[in-house]
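All remarks here apply to the structure that follows.
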């Protein structure tokens, strides 16, 4: 028996190989911590990427809506353009139109949801009709996340033959009451265009 012990201690290939249980546990703990940290970083990156994508989509949608409105207002009859409801709506006829039932309306809603008189106050609508109620029945949503009503600014303003359209976009306009413009992660984007009515 003494001879076997001497052989083991002499390094003849009979030494103990592998890791002890403590070494394995320490390695697994370090690996787990690294995976948790990497997962947290990846989660934060994905949330930020998603938020930026939402902002980009919001602004891109509003730009397309703004371009559409500018082109329509530009081709309106001068004497038919009227800004109403304290700058929350505009109506007009295109050149060649004579019937009031063909009036084009753009407006921002006045309620917290889309089930009432003028619609949701965070959505810009377009419709046609004699009055705003009939236009509401034929409405199309053009832009959402509009914060003009929350912030208290006009969407439409007219001075002579010039119409100014201002959209204030906030991905979460309901947060404005809580913290104003300084809401973390809820920036205000402002798009504004001046249009001269041609016809």
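The values are calculated or read from the model by the stated rules, or taken from the named source; none is laboratory data. All values reported here derive from a predicted model rather than from experimental measurement. Using ideal geometry, Cβ is built from the backbone for each residue, glycine included, and neighbour counts are taken over all protein chains shown.
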Problem set entry | Scan of region 61-80 for residues that are in contact (Cβ under 8 Å) with a residue 40 or more places away in the chain and in a helix (DSSP H, G or I), ordered by number | 61, 62, 63, 65, 66, 68, 69, 70, 73, 74, 78
Exercise. Looking at 40, 119, which is the one that is modelled with pLDDT under 85 and over 17 Å from the mean Cα position of the chain (by Cα)?
Worked result: 119
Problem set entry | Checking residue 107 against (1) in contact (Cβ under 8 Å) with a residue 24 or more places away in the chain; (2) farther than 24 Å from residue 160 by Cβ; (3) surrounded by 15 or more Cβ atoms within 10 Å (Cβ to Cβ), the condition it does not meet | (2)
For this session: Would you check if residue 83 is modelled with pLDDT of 85 or more, over 20 Å from residue 188 (Cβ atoms), out of contact with any helix residue (DSSP H, G or I) (no Cβ under 6 Å at 6 or more places or on another chain) and assigned to a helix (DSSP H, G or I)?
Result: no
Seminar exercise, completed: The condition of being surrounded by 14 or more Cβ atoms within 10 Å (Cβ to Cβ), over 14 Å from residue 156 (Cβ atoms) and out of contact with any helix residue (DSSP H, G or I) (no Cβ under 9 Å at 6 or more places or on another chain) holds, among 62, 76, only for 62
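So how many residues does region 1-29 have that are modelled with pLDDT of 75 or more and exposed (fewer than 10 other Cβ atoms within 10 Å of the Cβ)?
Result for region 1-29: 5.
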Problem set entry | From 98, 140, 130, residue being in contact with a helix residue (DSSP H, G or I) (Cβ under 9 Å, 6 or more places away or on another chain), without any contact (Cβ under 8 Å) to a residue 40 or more places away in the chain and exposed (fewer than 15 other Cβ atoms within 10 Å of the Cβ) | 130
Problem set entry | Of the criteria (1) closer than 22 Å to residue 103 by Cβ; (2) modelled with pLDDT under 90; (3) in contact with a helix residue (DSSP H, G or I) (Cβ under 8 Å, 6 or more places away or on another chain); (4) crowded, with 20+ Cβ neighbours inside 10 Å, which one residue 147 fails | (1)
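Within region 86-95, how many residues turn out to be crowded, with 17+ Cβ neighbours inside 10 Å and either within 19 Å of the chain's Cα centre (by Cα) or outside any loop (DSSP other than H, G, I, E, B) (or both)? Give the derivation first.
Narrowing region 86-95 to residues crowded, with 17+ Cβ neighbours inside 10 Å: 87-93.
Okay, now just the ones that are also either within 19 Å of the chain's Cα centre (by Cα) or outside any loop (DSSP other than H, G, I, E, B) (or both), so 87, 89-92.
Count: 5.
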Problem set entry | Test: residue in region 176-198 that is touching a strand residue (DSSP E or B) at 6+ places or on another chain (Cβ under 9 Å), surrounded by 15 or more Cβ atoms within 10 Å (Cβ to Cβ) and at pLDDT below 70 | no
